[in-house]
Amino acid sequence: MSPRIPGADLPEHPDALWRNPEPKRSYDVVIVGGGGHGLATAHYLAKNHGITNVAVLEKGWLAGGNMARNTTIIRSNYLWDESSGIYEHSLKLWEGLEEDLGYPILFSQRGVLNLAHTLQDVRDSVRRVEANKLNGVDAEWVEPDEVRKICPVVNTSTDIRYPVLGATYQPRAGIAKHDYVAWGFARRASEAGIDLIQDCEVTGFTTQGDRVTGVRTSRGDIAAGTVALCAAGHTSVLTDMLGIRVPVQSHPLQALVSELLEPVHPTVVMSNAVHVYVSQAHKGELVMGAGVDSYNGYGQRGAFHIIERQMAAAVELFPVFARAHLLRTWGGIVDVSPDASPIVGRTPYENVYLNCGWGTGGFKATPGIGWALAHTLAHDEPHPLVAPFSLDRFVTGALVDEHGAAAVAH
Amino acid sequence: MQLIACPWCGPREEVEFTYGGQAHVPYPDDPAALSDEQWAHYVFFRDNTKGRFAERWNHSAGCRRWFNAVRDTTSYRFQRVYRVDDPKPVTP
């Protein structure tokens, strides 16, 4: 009897959701980075602008970086007009995304509570709620007894180290299944004729004057009409090759999940002061995120004491979690900008566009930035939604300072 | 937990230290002479090296003194610690 091939009796692998083509030698648009932002940009280039001679180059596998490592929180309750503009646009796209992609993404609008623990937190939170309302973003201030109604497992007793003095609540916020989101975008982009090229690392650029003529990759040189950099934590590696300085610092950002539990946590809870954010995924695992590790790091892992601190915060806020077992921790590489806002738009090279600096919050922006960056590439002009996030704001001083202001945990 | 070798105190746990970002960024000799762009680069722009990176650390829960280190940002391994007034070492 001949030796059996292991797994030969298993069912066929399902049909792939996208083609796996050989790179062509030239494209109108080359997107560097096959994560959420790159794939969404590809989708909207095809769908909204009919541009399909496009390659998405990914050095690893599709959506294997931060897209596979985030905590999937989606919200738009940012303080400043510029931020709520892009994030609210993104949230509206999320609301129709399942239909647009024809693919289930398990988008669940279960609301987000951003807890306030000090009087200053309360003042900042109420201010943000009012700013959100003026910008058409759903937001309300809720008192501790309402927090208890929305999320009964939060410890609202007054004798804890960081008592809950109230929270902002955005009912339309929620979570989605990150892999399905990436796959949905990839499938649609591939169907439209866009080449998604994995295992293809950009190793350099060919330039002529102030234009980039192509990218050098581990799979050969590829000529490009326009280049969009969507490489998140590795942006600096690319811009260093181009000789462009970009004010981002790459940090490890860790998250973790517990074992699967019965439904206990009906919403999303974030707390800046004690530094944890928690939701319960559809399968039942508690998903918790931490703040960034303080030092620069490209290692996709962080230090254990960060997790320990984050767990201490979680158990303080949610005593019921104390006996849950931690299943898995991981880290991504987030590119943090000086004002905690993204950097999108022109570079000193006239046909190279930048999309980076989303720091700890890029997932929620996926459809929004894909949509706006596609428009930017198609019209060779930054869309008004991303125009405020230009690289030159660090020279002009027109910062969009969302540090702390936006309920962003850094 | 990673141990960091403070040049004055010897190896101590990472939680005792505070990160200070890129080292060897001198204050401009003549700040008033800088253009907006040069000033922006001094204030906001720092190298974001993947690999060996010279950076500042403070032993904040120990001797509270600053020092510099060369650390690999992919492995997080410290390769050299040195005084802030020493030149950037050439590491192999």
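The calculated P(r) of the stretch A:123-219, using every Cα pair and 5 Å bins from 0, goes 2, 10, 10, 10, 10, 9, 8, 7, 10, 11, 7, 4, 1, 0 in percent. Take the Cα of A:Ser218, step 7 Å toward its Cβ, do the same at A:Thr203, and the gap between the two points is 1.0 nm.
Restricting to bridges with both residues inside the protein assembly as shown, how much of the DSSP beta-bridge set is antiparallel, in percent to the nearest 5? Intermediate results must be reported in sequence, preceding the final value.
On the way: 66 of 86 bridges.
For the protein assembly as shown, the DSSP antiparallel bridge percentage is about 75.
I'd like the distance separating the alpha-carbon centroids of the stretch B:1-65 and the stretch A:21-45, in whole Å. Between the Cα centre of the stretch B:1-65 and that of the stretch A:21-45, the gap is 37 Å. The HN-Hα couplings worked out from phi for the stretch A:164-177 by the Karplus form 6.51 cos²θ - 1.76 cosθ + 1.60 (θ = phi - 60°) are 7, 9, x, 7, 8, 10, 10, x, 7, 5, x, 9, 9, 8 Hz, whole numbers, x standing for Gly and Pro.
In the protein assembly as shown the Cα-Cα distances spread across 20 Å bins starting at 0 as 22, 54, 23, 1, 0 percent of all pairs. Treating r as the C-beta distance of B:Leu3 and A:Leu327 and R0 as 45 Å, the FRET efficiency rounds to 0.95.
From the phi angles alone, apply the Karplus equation (6.51, -1.76, 1.60; θ = phi - 60°) to the stretch A:283-299 and give each ³J(HN,Hα) in whole Hz, x where the residue is Gly or Pro. Result, rounded to whole Hz: 6, x, 7, 7, 10, 10, x, 10, x, 6, 5, 5, 8, 5, x, 10, x.
Annotation: the residues A:Thr235, B:Thr18, sorted from fewest to most other C-beta atoms within 10 Å of their own C-beta, follow the order B:Thr18, A:Thr235. For chain A, a Gaussian network of Cα nodes joined below 10 Å ranks A:Ser258, A:Ser190, A:Ser250 by mean-square fluctuation, and the top entry is A:Ser258.
Ordered by the count of other Cβ atoms within 10 Å of each Cβ, fewest first, B:Trp39, A:Trp371, B:Trp8 give B:Trp8, B:Trp39, A:Trp371. A DSSP coil position with no more than 12 other Cβ atoms inside 10 Å describes the following chymotrypsin sites (Phe, Trp or Tyr not before Pro) in the stretch A:29-132: A:Trp61. Residues A:Leu62, A:Leu242, ranked from the fewest to the most other C-beta atoms within 10 Å, line up as A:Leu242, A:Leu62. How high is the FRET efficiency between B:Thr74 and A:Glu259 when r is their beta carbon distance and R₀ equals 35 Å, given to the nearest 0.05? In this case the efficiency is close to 0.65. For the protein assembly as shown, the list of Cys residues with no other Cys C-beta under 4.7 Å reads A:Cys151, A:Cys200, A:Cys230, A:Cys356, B:Cys63.
Loop-located trypsin sites (Lys or Arg not before Pro) across the stretch A:103-141 with a Cβ neighbour count of 15 or fewer within 10 Å are lacking, with loop assigned by DSSP. Give, as ranges by residue number, the residues of the stretch A:316-349 whose backbone N falls under 12 Å from the point 7 Å along Cα→Cβ of A:Ala398. Answer for the stretch A:316-349: none. Pairs of lysine residues in chain A that meet both criteria, 8 or more places apart or on different chains and Cα atoms under 27 Å apart, total 21.
A Förster radius of 25 Å, combined with the Cβ-Cβ distance separating A:Thr118 from A:His282, puts the computed FRET efficiency at roughly 0.15.
Taken together, the values in this text are just the output of simple stated rules run on the coordinates, not laboratory data. Please read all numbers here as calculations on a predicted model, not as lab measurements. Don't worry about glycine lacking a Cβ; one is built from the backbone with ideal geometry, like all the others, and counts go over all protein chains shown.
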